[in-house]
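Below is one structure, written out as structure tokens, with a few remarks after it.
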Amino acid sequence: MLKATIKSLLSRKLRLVLSALAVVLGVMFVSGSFVLTDTLQRSFTDLFSSAYADVDVSVSPKQEKGKQPEPLTAQAVEDVKSVPGVASAVGNVQGSARAIGKNGKVITTSGAPRFGANWTGNGQEKIRDGRAPQADDEVILGAYLATTGGFKVGDEVSVLTLEPKKTFKVTGVYDYAGGRESLGGELSMAFTEPVAQQLLLGQKDAYSSITATAAQGTSDEALRDAVAAKLGSAYDVKTGETLAKEQADQINEGLKFFNYVLLGFAGIALFVGVFIILNTFSIIVAQRTRELALLRSMGASRGQVISSVVLEALVIGLIASVVGLGAGVGVGALLATIFSSFGGTNLELAGIGVPMTAVISSFAVGMIVTVVAAVMPALRASRIAPVAAMREAATPDRPLTKITVTGALVLAAGGTALGLGFAQASLPLIFGGILVALVGVALLTPVLAKPMVSLIGRLLSWSMPGLLGRRNSSRNPRRTAITAAALMVGISLITGVSVVLTSATKSIEKLASGQLRTDLIISGEGQFDGQPATFQREVLTQVEKTDGVSAAFGWASDGVLQGDDRMFAAAVTDVPAMKSMFALQPKDGEIAPLRDDQIALPEDLATEKGWSVGSTVTLQLAKGEPRTFTVAFVWLKSQVLQGALVLPESAASSFRSNQIGQAFVQVDQGVAAADVQKRVEPLFADNPEITVQDRSAFVKQTTSQFDTVLLMIQILLALAILIAVLGVINTLALSVIERTRELGLLRAIGMRRAQVMRMITVESVVISVFGAVLGLLVGLALGVATVQALKDQGISEIGFPWATMVQYLVVAAVVGVVAAILPAIRAARLNVLDAIAYE
């Protein structure tokens with residue numbers, strides 16, 4: 001039996017390759033994910049080890065929950081210097097600093113920090129060109145910033161810090177050991193110490209941290225303990241090795257999430273692959289019915305027949321796992337290389353390694369998925385009576401009642417899990433519900449296949465080849481359903497995401513045109529250090545005084561703690577103006593200016609917290625001790641400032657930044673907003689991160705990020721769709737082999753080669769379009785359900801991406817045409833006499 005199975009495998013090399021391809025792609029994604037994250041983790045570990053190589057002990061202010069740490073004082077530096085075993089101690093100043101390029105725009109990165117520091121000359125930085133800064137208007141640039149901005153010694157560079165734009169003369173350029181322009185793609189610069197303290201920390205004689213060097217014979221750990229004993233418990237004292245590990249661990253946590261995302265898409269790819277393998281083995285078993293029947297008649301047991309098919313699946317799974325692992329290592333290495341250079345990350349990669357998790361997961365996933373998908377056809381083959389099989393009566397159409405009832409129950413279970421997941425905000429339940437629901441739809445697909453395929457096929461059956469193609473695609477609903485289900489999964493997920501993002505865009509547009517009675521919006525284009533770009537309160541006062549401005553208000557924002565709950569808080573400059581421009585209606589109390597000890601909040605947050613007018617609330621702001629506020633008013637549920645606390649303007653002094661992050665302007669009646677915009681924009685000439693926009697431009701900028709999210713998801717799900725395309729090719733190729741005699745007879749009675757190719761193409765297009773239509777319907781259902789669940793989160797409108805959905809249908813038709821090329825050519829080239837005699 002073993003020899004017969006091996007000979008059967010070797011005689012069907014093409015089928016083996018087609019079956020293995022789906023698994024190869026899925027395994028490639030799994031192993032590539034592990035290789036990528038392992039390489040990046042080791043690279044970041046090496047990076048931070050290098051960054052803290054010259055740090056024996058570091059002192060920083062202790063971080064208290066919800067509070068911004070106070071800077072260190074010059075006295076703290078002197079205290080550290082006086083500790084026995086300290087060879088030297090240097091105060092470090094560091095904070096956000098963004099250079100403005102020669103085009104007038106802020107130079108950005110793809111996530112790497114942009115910061116300024118004081119030049120100490122004691123770190124790893126080595127002057128490559130020029131000299132260190134000595135005067136208040138001088139700066140030395142990191143080599144990567146100089147290269148990116150095109151700056152050289154003697155140039156002038158404008159910089160944004162805690163203060164408005166200031167211009168400095170470039171006196172030098174520095175790099176790191178080995179001539180590296182940066183450690184990890186950061187854009188850095190250094191000032192004289194007094195200037196750095198004023199611009200980056202906002203006060204004199206202040207430091208972010210202290211670096212201490214151990215005297216000869218003193219270990220880092222002993223020095224750490226001595227410094228900690230001297231300074232007391234108000235400081236964090238750590239060795240450089242500990243700091244490097246902590247930084248690397250933080251990055252690795254983020255990489256874990258990234259890995260989970262990649263593995264999620266790998267799971268989708270393998271899920272789609274199951275349909276293809278299931279279909280492949282169903283067709284192969286159907287084609288081998290007589291062969292298996294002969295084996296049974298010669299004494300093979302049912303168990304041996306099952307073992308034969310499972311063994312074939314194991315061989316395919318093993319080969320696919322090996323190839324997929326190899327391809328995954330290559331893909332992981334390629335992605336790591338791209339990541340290291342993307343956007344100037346400039347990360348020096350550690351050697352590409354293959355972690356044991358990649359090897360184990362590749363073989364486990366590849367072989368298990370293949371065997372599981374082959375078990376059902378194997379069981380079906382074992383139940384066929386030998387005499388019936390040899391009479392070619394082994395594959396009659398079976399009733400769809402059982403699979404339809406099962407599909408309905410599975411779909412109901414998936415819908416229930418999805419509903420509970422949304423209600424409990426449980427991601428495992430949501431993802432599990434989607435997966436189970438998709439399985440349920442796949443089980444229901446055969447009962448939908450015949451009527452839907454017949455209907456779709458009518459559009460293409462204006463000729464006899466088209467009519468035959470339509471009938472071929474509908475005569476085996478199970479096979480058509482499984483093939484279409486593979487395409488359905490990818491398109492349904494993309495469509496569901498598109499519906500959610502379109503609904504979010506439509507909700508924002510409705511909010512802007514309905515509740516936002518503001519003509520101009522002033523906001524920052526980006527963020528730095530987790531804070532939005534800001535401008536000074538005095539500039540907002542100038543905006544209020546500008547000709548044509550009826551009213552204007554803004555807010556400084558920050559996170560505040562109420563117990564263990566972190567909430568968004570906005571310190572508003574003009575509450576009555578906010579009431580007017582946001583169309584707020586009071587629910588409890590009167591909407592009026594807030595005293596220094598008062599707060600206000602929306603109805604939904606008040607209900608959640610159980611607060612009402614007169615309730616006292618203790619909040620921990622970034623600076624100072626906890627403060628107690630009284631609720632002054634509650635406004636009716638609104639889409640603006642949802643879930644936010646409104647604080648008096650004076651509270652901004654206790655925020656991390658007391659500057660305005662966003663402002664809103666209402667123009668006088670009869671005055672064009674565009675005219676006022678031209679008068680307001682020059683007020684922000686010193687802050688190129690701030691833009692003044694009308695409502696439509698603001699909405700467009702806000703929703704543009706949705707397009708980026710959708711594009712990323714489409715790229716990642718493209719693998720699932722590619723596997724689905726392979727499934728269509730696979731099904732058609734095997735179907736052509738199965739129908740060899742039939743095709744020979746058609747050619748014998750006069751069908752030309754071009755007509756055979758057209759027939760196969762119509763069959764392929766009908767299956768692909770059926771899968772796309774099914775995917776669109778399921779995706780719409782998933783999307784609408786998600787939008788309904790997110791109604792309380794601000795997505796109040798349901799929007800349908802009609803243009804995108806039409807594109808998916810067109811793509812499905814093109815996929816059908818492309819998938820039919822090879823099977824159609826094979827069918828057209830069949831020798832008529834050989835085909836008629838084919839067994």
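Values for this structure:
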read-out: Residue in region 777-793 that is farther than 30 Å from residue 604 by Cα, crowded, with 22+ Cβ neighbours inside 10 Å and in the same structural domain as residue 476 (by TED's automatic domain parsing) present; value: yes
read-out: Criterion (part of a loop (DSSP other than H, G, I, E, B), more than 22 Å from residue 657 (Cα to Cα) and not basic (Lys, Arg)) met by exactly one of 606, 592, 632; value: 592
read-out: Near pairs, Cβ below 9 angstrom, 6+ apart or cross-chain, from region 536-560 (closer than 28 Å to residue 619 by Cβ) to any residue that is among the basic types (Lys, Arg); value: 554/537; 556/537; 558/656; 559/566; 559/656; 560/566
read-out: Cβ-Cβ under 8 Å pairs, at least 6 apart or on other chains, region 304-322 side free of Cβ contacts under 8 Å to residues at least 60 places away in the same chain, far side assigned to a helix (DSSP H, G or I); value: 314/367; 314/370; 314/371; 318/363; 318/366; 318/367
read-out: Single residue of region 680-717 satisfying the filter (assigned to a strand (DSSP E or B) and β-branched (Val, Ile, Thr)) that is surrounded by the fewest Cβ atoms within 10 Å (Cβ to Cβ); value: 691
read-out: From 226, 248, 222, 244, residue being touching a Gly at 6+ places or on another chain (Cβ under 6 Å) and either modelled with pLDDT of 70 or more or assigned by TED's automatic domain parsing to the domain that holds residue 727 (or both); value: 226
read-out: Residue list for region 584-643, filter: of a type in the set (Gly, Ala, Ser) and over 19 Å from residue 556 (Cα atoms); value: 589, 606, 610, 612, 614, 615, 632, 638
read-out: Single match in 104, 111 (criterion: under 34 Å from the mean Cα position of the chain (by Cα), over 29 Å from residue 247 (Cα atoms), outside any strand (DSSP E or B) and at pLDDT below 95); value: 104
read-out: Some residue of region 480-501 being more than 19 Å from residue 773 (Cα to Cα) and assigned by TED's automatic domain parsing to the domain that holds residue 777; value: yes
read-out: Number of positions in region 69-101 that are assigned to a strand (DSSP E or B) and over 23 Å from residue 213 (Cβ atoms); value: 5
read-out: Residues satisfying the stated conditions in region 631-657, i.e. of a type outside the set (A, V, I, L, M, F, W, C), surrounded by fewer than 20 Cβ atoms within 10 Å (Cβ to Cβ), closer than 24 Å to residue 616 by Cα and in contact (Cβ under 8 Å) with a residue 60 or more places away in the chain; value: 638, 642, 643, 650, 656
read-out: The listed residue being within 35 Å of the chain's Cα centre (by Cα) and among the charged types (D, E, K, R), out of 165, 152; value: 165
read-out: Test: residue 150 is touching a residue at least 12 places away in the same chain (Cβ under 8 Å), touching a Ser or Thr at 6+ places or on another chain (Cβ under 6 Å) and at positive phi; value: no
read-out: All positions within region 67-101 that are closer than 30 Å to residue 565 by Cα and either at pLDDT 90 or above or touching a strand residue (DSSP E or B) at 6+ places or on another chain (Cβ under 8 Å) (or both); value: 67, 69, 70, 71, 72, 94, 95, 96
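Each row is one residue, and each column tells you yes or no for (1) more than 31 Å from the chain's Cα centre (by Cα); (2) not β-branched (Val, Ile, Thr).
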site: 217; (1), (2): yes, yes
site: 229; (1), (2): yes, yes
site: 235; (1), (2): yes, yes
site: 239; (1), (2): yes, no
site: 260; (1), (2): no, yes
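The values are calculated or read from the model by the stated rules, or taken from the named source; none is laboratory data. Note that the structure is predicted; figures quoted are calculated from it, not measured. In this analysis, Cβ positions are derived from the backbone assuming ideal geometry, glycine residues included, and neighbour counts consider all displayed protein chains.
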